[in-house]
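In what follows, a single structure is set out as structure tokens and then discussed.
Every read-out reported here was derived from the displayed coordinates using simple, explicitly stated rules and does not represent laboratory data. Please read all numbers here as calculations on a predicted model, not as lab measurements. FYI the Cβ positions are ideal-geometry reconstructions off the backbone, even for glycines, and counts take in every protein chain you see.
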Amino acid sequence: MRRSSWVGWAGLALGVLLLMACGRGAVFLTIEALGPEGTLRIPDDVDKVAVRVTDADGANVLLEKEYPLTPEQRFPLTLGLEPGPQTGERIRVEVRAFKGEELVGDAAAVVPITRQQEATVTLRIVKS
């Protein structure tokens, strides 16, 4: 991964994406974004991502936030999610990518999350 991508996204990962942090376990989320001509570009193709984390059934929202992206950032983007007191054994992670208000693409997955172990998941947004 390019250093600029990591540096640009590190502030976001450290700043907010902790699900009411407590415990040692985490889910490391990688967001890829592809189009017909390869990896999507920030901000030409995507200028904002929205992340929503719920319980596995989608009934309880644990995190919902939009993040503007800067020209220094590149896909893939990496986030860290830690379990909180309301987090069950599995969470549903949804990511939507936007250019302005237009939806570019989205992806979702249900992933296990525990206080003792680290897990990784990659979500791939595909623009047709």
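Some points to look at:
- Between Ala108 and Arg124, full extension at 0.36 nm per residue minus the direct alpha carbon distance yields a gain of 4.9 nm.
- For Lys48, the aspartates and glutamates whose Cα falls under 15 Å of its own Cα, not counting residues fewer than eight places away in the same chain, are Glu32, Glu64, Glu66, Glu72, Glu94, Glu101, Glu102, Asp106.
- Total formal charge among the other residues, if their Cβ is under 12 angstrom from that of Glu37, Lys/Arg +1 and Asp/Glu -1: 0
- Within the stretch 26-128, trypsin sites (Lys or Arg not before Pro) in DSSP loop having at most 11 other beta-carbon neighbours inside 10 Å: none
- Taking the number of Cβ atoms within 10 Å of each Cβ as an exposure proxy, the fewest-first ranking of Phe28, Phe98 is Phe28, Phe98.
- Among Thr78, Thr70, the ranking by other beta carbons within 10 Å of each residue's beta carbon, starting with the fewest, stands as Thr70, Thr78.
- Backbone amide hydrogens, once placed in the peptide plane, bring Ala33 within less than 5 Å of Leu40, Ile125, excluding anything fewer than 5 places away on its chain.
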